[in-house]
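What follows is calculated from the coordinates using simple rules that are stated; it is not laboratory data. Treat the numbers as computed from the prediction; the structure is a model and nothing was measured. Note that we place each Cβ from the backbone using ideal geometry, even for glycine, and neighbour counts take in every protein chain shown.
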């Protein structure tokens, strides 16, 4: 039998039970470099729970998550180094400015890109807001601060929870472009969203509640 080497993200028999309720079970996923996975489902169907398990922030009830053929539990430091996670709450500290939020994120995670923090904020449309407390920003602007981390860290794997939430048309187009470029460069992305995406390497899975 031919042995196929895993080169990306995969799940094996993945199941999740919360409060005695089965959210999903025996989930088998496989993503190779350049592929995107869009996860859909109603509220409460387990989308965020699945992303947290894929990130290693929560444990599955059964099964395992693997990166390049190795369990992420056995390879945590290396896995964290290739992972860029933007959650639904986007992790922006209100008492810090957008610039300070990005500086802290870059210092904590390393693997910095060549782009400056100022340029990253300008690309997401926050020029002129670099030094204001993030709590004074709109919901869409705070979402942009969180998404700016995609520009400041080198990461082969992006996991994004509802990245289009609170964004205007220009912001939505920017995220679409970043996903396209990431895919073209051989990156992998997993995201939850009902927003229609067009990508020749897009996969989709729907969780049922």
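Here are a few things to note about the model shown:
- Zone of residue 71's modelled label, taken as backbone nitrogen in the stretch 26-64 under 12 Å from a point 7 Å along Cα→Cβ: 60, 62-64
- Packing here is the average count of other Cβ atoms within 10 Å per residue, and on that basis the peptides 190-201, 140-151, highest first, run 140-151, 190-201.
- Projected label points at residue 62 and residue 208, each 7 Å from Cα along the beta carbon direction, are separated by 1.8 nanometres.
- Going from the fewest other Cβ atoms within 10 Å to the most, the residues 42, 180 appear in the order 42, 180.
- When the Cα gyration tensor is reduced to axis lengths a ≥ b ≥ c, the ratio a/c is 1.5 or higher for the chain, and with a/b above b/c it is classed as prolate.
- Spatial separation of Cα centroids for the stretch 100-175 and the stretch 22-84, in angstrom: 23
- The fewest-to-most ranking of 118, 19, 95 by surrounding Cβ atoms within 10 Å reads 19, 95, 118.
- Ellipticity estimate at 222 nm from DSSP helix runs (n ≥ 4, -39,500 (n - 2.57)) divided over the chain, nearest 500: -8500 deg cm²/dmol
- Global geometry of the stretch 112-166, whether rounded, prolate or oblate, following the gyration tensor of its Cα atoms and the 1.5 cut on a/c: oblate
- Within a Gaussian network of the chain (alpha carbon springs, distance under 10 Å), most fluctuating of 74, 131, 20: 20
- Among 152, 48, 116, residue whose mean-square fluctuation peaks in a GNM of the chain (springs only between Cα atoms under 10 Å): 116
- Counting neighbouring Cβ atoms within 10 Å and putting the fewest first, the residues 35, 62 line up as 62, 35.
- Our summary gives the stretch 9-207 a relative contact order of 30 percent, counting only alpha carbon pairs under 8 angstrom and 6 or more residues apart.
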